[in-house]
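The values are calculated or read from the model by the stated rules, or taken from the named source; none is laboratory data. All of these numbers come straight from a predicted model, not from anything done at the bench. When we count neighbours, we look across all protein chains shown, and the Cβ atoms used for this are built from the backbone with ideal geometry, even at glycine.
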Amino acid sequence: MLRAVVALFVLSLLGLGACQPAPPAAPRQVHSIGYGHVTVYPDYAELTVDAAFTRPRLRDAVAEVQRVVDQVLAVSRRYAPGPNEVRVSSTSSNKEFTYVKGKEVFTGFNSTQSVTVRINDLRRLSPYLEELLATPISRIKDLSYGHSHADSLRREADVLALGDAVKTADKMCAALHVRRGAVLEASDYSSPESSNGNRQSADLELYSKSFGGRGFKMSPELLRFDSQCSLNSALE
């Protein structure tokens, strides 16, 4: 009797399961990827100037650095007069050693300070660098070019990428003789790091006024902002 009741209960469950509606089928979709880019000339340059000296006494090294930084600031503020266009780092100092016949020998105290400058008029960059080189600075580094409307340019590239993805989807649908329906999902895969709009950088080291390091370009290249977009659309 118990076995019969159990069997009847199982059959009832199976019957209920058979009455459940089948899950709706996933809509047919077309997946496409689009690319967009915008190229512009940069409208500003930014660079960092180092003043570094090693002297037997720490106060002499600090005083020498301060003297050169004052010269750099006097020149920089004529070419970059804005309130946030010139930034000065704190002074760092440490002991310096060298190896002589396998032994560590104290050579003096090193003091370093940096000045970061943004030049918003690129026509003034060349004369500014000429005046900087007339001062006893140690290094010009991280000279980079960028654009003040970089965020807007990236968004413009995003719109172009989305339009390209739509065109690609339409071409695929035309080849398959189907019609593209509503957009189901759109994703932007671009990021600030995917664009080279801010990082054309280079260095120039000065050794007794002789040039070293990688050098830098006085004529910046075009900046390019890239974007990639993914699109999922339903098929009618």
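Looking at Val105, Val159, Val178, can you tell me which residue is exposed (fewer than 15 other Cβ atoms within 10 Å of the Cβ) and part of a loop (DSSP other than H, G, I, E, B)? After applying the criteria, what remains is Val178. Scanning the stretch 49-64 turns up one or more residues that are touching a helix residue (DSSP H, G or I) at 6+ places or on another chain (Cβ under 7 Å), under 18 Å from Arg124 (Cβ atoms), assigned by TED's automatic domain parsing to the domain that holds Asn120 and not in a loop (DSSP other than H, G, I, E, B).
The set of residues from the stretch 108-144 being in a strand (DSSP E or B) and touching a helix residue (DSSP H, G or I) at 6+ places or on another chain (Cβ under 8 Å) comprises Gly108, Phe109, Asn110, Ser111, Thr112, Gln113, Val115, Val117, Ile119, Ile140.
Residues in the stretch 84-120 that are touching a residue at least 60 places away in the same chain (Cβ under 8 Å) and among the charged types (D, E, K, R): Arg118 only.
Being surrounded by fewer than 13 Cβ atoms within 10 Å (Cβ to Cβ), outside any strand (DSSP E or B) and in contact (Cβ under 8 Å) with a residue 40 or more places away in the chain is a property that Ser148 has. Val86 falls short on exactly one of the conditions (1) farther than 28 Å from Glu64 by Cα; (2) buried (at least 17 other Cβ atoms within 10 Å of the Cβ); (3) not polar (S, T, N, Q), and that condition is (1).
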